[in-house]
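The values are calculated or read from the model by the stated rules, or taken from the named source; none is laboratory data. Model, not experiment: these values are computed from the prediction. Please note: Cβ atoms are built from the backbone with ideal geometry, for glycine as well, and neighbour counts cover all protein chains shown. Accessible surface is based on the protein model in full, side chains and every heavy atom, while ligands, DNA and RNA are left aside. Shrake-Rupley method; radii C 1.70, N 1.55, O 1.52, S 1.80 Å.
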Amino acid sequence: MSRRRQIYEGKAKILYEGPEPGTLIQYFKDDATAFNALKKGTINGKGVINNRISEHVFTLLSHINVPTHFIRRLNMREQLVRQVEIIPIEVVVRNVAAGSISKRLGIEEGTQLPRTIIEYYYKDDALGDPLISEEHIACFGWASPEEMHDIADMAIRINDFMCGMFAGIGIRLVDFKLEFGRFWENDFARVILADEISPDGCRLWDLTTGEKLDKDRFRQDLGGEVEAYQEVARRLGLLPEGSEESDVLDLDTHRKKRGK
Ligand code: TMP
């Protein structure tokens, strides 16, 4: 790992220079943060599980013609992705009230929203990722109107697809966060889905019990975060039936021992 040039380190991932120009290696850490990194911890094996879940979701999205940065998974914690220029906007899609919208507008958590809401946040840790409108995005040139049209269109398609995918495995897709990037091809930039889709950036509730199967377990000190992430992967068919988290970790340790 030390042989590679590190391009960027975020809270949950590290980006390394890829094997070919225009590619990067995205490494998934076990580190977890919340409330703009005021709360820090680790969720054992999270990186391994999120790598698999994100691979799965991005692959399915590419089948419905959502362009993504994902190329292929390389190993337990890494995937090869296209290098993009990240658009500094966090796109949040909400189907059910929870988290900041409940707090900000006093809407009881769990209320089904009459229609899906797309929100934009300016990606700036020092400012605490403030909520912004399309007016701010246009005014400060963070993305063009054409790019915002493509982003909103993709966000709705991704939401439609993921609501169905999760409903099929007994999970309610409450909300989630997306990031997009510009992919340059001969002087022409196209907006594609970047980052990851995993229980770190989604609220996933069991359809029947309402049990939280996402990072809110960590944010709210509920415990059982490893089991929750693993349950999502298991229901998606990404873990062999009856396998334990320890199996995932054993595989990861095995890989590390081989020095891969
Ligand atoms: P929020 O209710 O805290 O605004 O979060 C909405 C969704 O976005 C939720 O699924 C968690 C996700 N999210 C992130 O992935 N990263 C973040 O920094 C924040 C604030 C939320």
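For the reader, a short list of remarks on this structure follows.
- Pairs beyond 24 Å (Cα-Cα), from Lys29/Lys103; Lys46/Lys177; Lys103/Lys215; Lys29/Lys123: Lys29/Lys103
- In the chain, helical runs assigned H by DSSP with n ≥ 4 each contribute -39500 (n - 2.57); averaged across all residues and rounded to the nearest 500, the mean residue ellipticity at 222 nm is -10000 deg cm²/dmol.
- Shape of the range 1-102, Cα gyration tensor, a/c cut at 1.5: oblate
- Residue separation of Asn44 and Ile7 scaled by 0.36 nm, minus their Cα-Cα distance, works out to 10.9 nm of gained length.
- 1.4 Å probe accessible area per residue over the chain, in Å²: 50
- Relative contact order (%) - criterion: Cα under 8 Å, at least six apart; region: the chain: 17
- Measuring nothing but alpha carbons in the range 127-171 and taking Rh as the Kirkwood radius, the Rg to Rh ratio lands at 1.17.
- Potential extension, Ser144-Gln112 segment - 0.36 nm per residue separation minus Cα distance: 8.4 nm
- Stokes-Einstein diffusion coefficient of the range 69-188, Kirkwood radius over Cα pairs, 4 °C, 1.567 mPa s, in µm²/s: 80
- Rounded percent of accessible protein surface that carbon and sulfur make up, the range 1-110, 1.4 Å probe: 50
- Summarising the label geometry, the points placed 7 Å from Cα in the beta-carbon direction at Ile86 and Glu211 lie 3.3 nm from one another.
- Summary: within the chain, the longest segment free of GluC sites (Glu not before Pro) located in DSSP loops with at most 10 other C-beta atoms within 10 Å is 109-240.
- Once the gyration tensor of the Cα atoms in the chain is diagonalised, the equivalent ellipsoid follows with semi-axes of 26, 25, 17 Å, ordered largest first.
- Remark: spin-label model distance Asp187-Asn36 equals 4.1 nm, labels positioned 7 Å along the Cα→Cβ axis.
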